[in-house]
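Working notes, structure below.
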Amino acid sequence: MGVEKVKQITVVGAGVMGSQIAMVSALAGYRTILQDVSEENLKQALNNLNQQMERRVKKGRLSEEAVAIAFENLSITTSLGLAVEETDFVIEAIVEKLEAKRQLFTEMDQLAPPQAIFTTNSSTIVSSKLADATNRPERVCNMHFSNPALVMELVEVVKNPLTSDETAQMTINLAKSFNKVPILLKKEISGFVMNRILDKIMKEAIELYENGVASFEDIDLACTKGLNHPIGPFALIDLTGLDVHYNVRQFRYLETGDESSKPSKTVVEKLKKGELGRKSGKGFYTYS
């Protein structure tokens with residue numbers, strides 16, 4: 001199936017990543033369905049997307065016509081059956097918990113057309129841990145978007161041992177049609193390329209902060225002004241969410257048994273206080 005035959009794309013999970021991936025798809029001209037079990041999450045996703053698109057129009061990055069067409073392409077539903085019954089391509093972006101993803105893939109496998117490709121946006125859970133929950137393991141792979149998906153260009157396409165070359169190439173071609181820059185990982189490895197490098201930076205940044213070497217603000221400045229990174233590690237954790245960061249580190253620890261992979265005490269303490277980053281108004285930084 002060539003990318004020109006993809007008529008409908010389904011994104012499951014209306015969080016920050018899922019909603020932005022859905023808009024990327026809609027902007028590229030695909031009929032896109034964004035599904036979530038929570039109607040409130042879907043309403044919030046649409047509200048956030050409206051605000052983001054308004055800003056892009058004001059800055060001249062998108063035309064009002066292009067945005068209007070994108071929203072015509074995009075629909076929402078709480079029904080998984082309606083979301084996947086006619087889909088050609090699924091991008092899963094739910095919580096980073098293996099059992100939740102496996103259950104979802106099993107349900108989708110029973111509801112979606114047999115030719116539909118299933119991808120996961122996860123950067124920590126490799127698709128081989130999900131493929132055997134379906135009857136289409138050759139049509140399953142990782143399609144990891146960089147955060148924020150509306151801005152960042154990189155998409156990591158990762159084959160599991162049973163992923164067909166056709167599925168991998170289709171995913172690469174679809175990413176290109178989204179105006180993204182895909183890279184292909186021929187082997188599964190937790191964290192993939194980008195996040196394995198980023199994880200080392202975040203781990204070192206938090207250790208420097210916890211050891212009292214420098215404030216988190218100054219560590220961020222070292223990265224943005226000294227390394228020319230567009231955003232510092234603490235601001236990035238706030239952007240993606242401390243809960244997401246915690247789940248990633250916890251999964252890495254359970255996978256490796258390495259104590260140094262556990263979430264840091266600072267992150268654990270902030271989670272207990274409900275300080276999740278931008279989504280809650282406070283993380284390492286405070287947001288209005």
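The values are calculated or read from the model by the stated rules, or taken from the named source; none is laboratory data. The structure displayed is predicted, hence computed values, not measured ones. Counting neighbours? That spans all protein chains shown, and the Cβs are built from the backbone with ideal geometry, glycine included. Ligands, DNA and RNA are stripped out before the accessible areas are found, and what is left, the full protein with its side chains, is counted by its heavy atoms. Shrake-Rupley method; radii C 1.70, N 1.55, O 1.52, S 1.80 Å.
When restricted to residues that are in a helix (DSSP H, G or I) and either more than 25 Å from ALA26 (Cβ to Cβ) or of a type in the set (Ser, Thr, Tyr) (or both), segment 167-205 contains 14. For segment 168-197, a residue qualifies if it is among the aliphatic types (A, V, I, L, M) and without any contact (Cβ under 8 Å) to a residue 12 or more places away in the chain, and exactly one does: ILE197.
When segment 262-285 is limited to residues that are assigned to a helix (DSSP H, G or I) and of a type in the set (A, V, I, L, M), the one that is surrounded by the most Cβ atoms within 10 Å (Cβ to Cβ) turns out to be VAL267. Across segment 262-286, the number of residues qualifying as in contact (Cβ under 8 Å) with a residue 24 or more places away in the chain and over 21 Å from the mean Cα position of the chain (by Cα) comes to 6. Residues that are more than 21 Å from VAL84 (Cα to Cα), open to solvent by 10 Å² or more (accessible area, probe 1.4 Å), at pLDDT below 95 and of a type in the set (Val, Ile, Thr) are absent from segment 161-181.
Under the condition of being assigned to a helix (DSSP H, G or I) and either closer than 20 Å to LYS7 by Cα or at pLDDT below 95 (or both), the residues counted in segment 112-144 number 1. Kindly indicate whether THR224 is of a type outside the set (Lys, Arg) and over 25 Å from ALA149 (Cα atoms). Here the answer is no, as THR224 does not meet what is asked. Does THR124 meet the test of being open to solvent by less than 10 Å² (accessible area, probe 1.4 Å) and out of contact with any helix residue (DSSP H, G or I) (no Cβ under 9 Å at 6 or more places or on another chain)? Criteria not met by THR124.
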